[in-house]
Amino acid sequence: MNYRKSAFTLVELMVVIVIIAALMLIALPTFQGADRGGRLRTASFQLTTTMTLARQAAITSRRYVYLLFPDNTPALFAGQPREAEKAFRAYAPFARTPVSQYLGEWSILPPGVVFTPAFRSDPTDNRNLFLRAEPVEVVPFPTTNGPNVEISTVAFRPDGATTMGNTAFAVYVTEGTVPADLTAGTADLPQARSNAPVIEVNVHPLTGRIRSREYTP
């Protein structure tokens, strides 16, 4: 009995490889978009979680707790240029009493995600651009032993409310980049990706309730 052996020819194998490569090129933008959207939602979840923990720390320890947000103010990074990577991309919890101290490490937004100045209240102010109500505090930066500087904050009182009275405010994140050379100029603000979604992390000023919602272009 004769058995016939079969196998792919080199030409057939090359055709299959070309087809697979074409399919991958077609599907790649979809996977990249899903990855970007995933990073943005991860950033929103982590920010909301940290904000919630800061509020809970204020209630349980009966003290004011702040969530700090560095921007691109040049004075913020004077003498410490390595910390400039935190501009528009980092946040950390901080408390003043009984001693001034950071309550955790700095959190950095995922690659390709930034705080956006889309909803700033004063277009001539190049500081505090990602908060609707823009409160600032003078705190040590970037550690408990750092120099005192003005920095944007979300502040929670011991009763869980914010320090903003009746003024509603929110923090916004989107897909984009921060210029490497940070100076006080609008050209150095975060550049949002065209048609990128924006996620709002909203804090109710009287209850401290935190919610997030997504805006799509």
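The figures follow:
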{"item": "Area accessible to solvent at Ile59, 1.4 Å probe radius, in Å²", "result": "50 Å²"}
{"item": "Pair Thr143, Thr9: separation of 7 Å Cα→Cβ label points (nm)", "result": "7.0 nm"}
{"item": "Glu85-Thr60 pseudo-label distance in nm [points 7 Å out on the Cα-to-Cβ vector]", "result": "3.0 nm"}
{"item": "Cα-projected label distance for Arg157 with Leu53, points at 7 Å along beta-carbon direction, nm", "result": "2.6 nm"}
{"item": "Added length on full extension, which subtracts the Cα-Cα distance from 0.36 nm per residue, Thr216 to Glu105", "result": "36.8 nm"}
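The values are calculated or read from the model by the stated rules, or taken from the named source; none is laboratory data. As the structure is a computational prediction, the values presented were derived from the model and not from experiment. A quick note on method: Cβ atoms are made from the backbone with ideal geometry, for glycine too, and the neighbour counts reach across all protein chains shown. Ligands, DNA and RNA are excluded from the accessible area calculation, which covers all protein heavy atoms including side chains. Shrake-Rupley method; radii C 1.70, N 1.55, O 1.52, S 1.80 Å.
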